[in-house]
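Following: one structure in structure tokens, then a few remarks.
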Amino acid sequence: MSRQKIILFIVEGTTDEDALSGILKKLFQNNLIKFAIVRSDITIAPGISTKNCKEKINEVVKRYINTYKVNKNDICEIVHLVDTDGCYIDKSCVFKSPDAEKSYQLNGIYALDPEKMIQRNQLKSRILNSILGIRELTFDNNKVKIPYSLFYFACNLEHVLHDQPNALREDKEALADAFSDSYEGREADFLEFITNSDFAVSGNYRETWDFIQNDLHSLERHTNFGVYFRRNDKVCKE
């Protein structure tokens with residue numbers, strides 16, 4: 001029997017894995033589903049730039065490989081899941097928060113320091129646009145090439161899965177567990193949810209990214225993760 005290949009998901013935090021791991025393992029039974037958890041937002045990490053962002057992602061993968069003693073050739077693809085956090089909205093839609101709390105609202109982002117938030121959005125959007133051009137990650141002097149793709153949750157994971165863009169940090173773990181439990185044994189329903197809901201952006205990979213970069217879309221409830229399943233012949237739909 002041939003060794004199962006790994007689909008490696010790069011995610012920001014443990015709640016991404018908690019919410020999606022069980023479902024993905026059922027949908028990709030012929031592969032090993034693994035998660036590389038960054039534990040921060042790599043798109044606004046200190047020192048990141050459009051010139052080194054690919055290298056930074058490579059470092060995440062290398063760290064996973066070294067930690068878990070994985071053979072690079074056993075990874076068949078890398079799927080990077082990110083929150084948009086409203087980063088593509090116009091700076092005129094960033095406002096001073098009346099209560100010293102950051103919040104995502106229908107008309108914009110309310111921040112304690114609007115100028116700092118605008119700068120964050122500018123950096124994050126530039127990095128995402130640069131990462132979007134990556135089609136593969138290379139290792140060992142280009143001897144190993146692994147397909148790479150980038151998918152988004154807008155304005156964040158909790159917004160898409162629970163319609164709660166401003167979920168409290170202390171509630172996120174419970175929300176993730178509840179979501180995972182709700183689709184246990186109902187993986188086909190998850191596919192319907194993520195590919196055909198009103199918030200599932202239609203179109204191909206490039207078109208869904210063009211969509212999220214316009215107007216207030218990166219602040220609204222949208223995801224293009226459904227594109228991954230629509231184009232993927234590895235999915236076990238039964």
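The values are calculated or read from the model by the stated rules, or taken from the named source; none is laboratory data. Please read these numbers as outputs of a predicted model, since none were measured by experiment. In this analysis, Cβ positions are derived from the backbone assuming ideal geometry, glycine residues included, and neighbour counts consider all displayed protein chains.
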Per-region count, the range 119-133, residues crowded, with 18+ Cβ neighbours inside 10 Å and either aliphatic (A, V, I, L, M) or more than 18 Å from the chain's Cα centre (by Cα) (or both): 3
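Any residue that is modelled with pLDDT of 95 or more, farther than 25 Å from Phe225 by Cβ and crowded, with 16+ Cβ neighbours inside 10 Å - is there at least one of those in the range 145-154?
No, the range 145-154 has no match at all.
For the condition closer than 22 Å to Leu157 by Cα, in contact with a strand residue (DSSP E or B) (Cβ under 8 Å, 6 or more places away or on another chain) and basic (Lys, Arg), what is the one hit in Lys34, Lys54?
Lys34
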Complete set of residues in the range 36-48 that are surrounded by fewer than 18 Cβ atoms within 10 Å (Cβ to Cβ) and either assigned to a strand (DSSP E or B) or touching a residue at least 60 places away in the same chain (Cβ under 8 Å) (or both): Ile37, Asp41, Ile44
Could you tell me whether Phe211 is in a helix (DSSP H, G or I), on the phi < 0 side of the Ramachandran plot, touching a strand residue (DSSP E or B) at 6+ places or on another chain (Cβ under 8 Å) and at pLDDT 95 or above? yes
When only residues in the range 64-110 that are out of contact with any Asp or Glu (no Cβ under 9 Å at 6 or more places or on another chain) and of a type in the set (A, V, I, L, M) count, which is surrounded by the fewest Cβ atoms within 10 Å (Cβ to Cβ)? Ala100
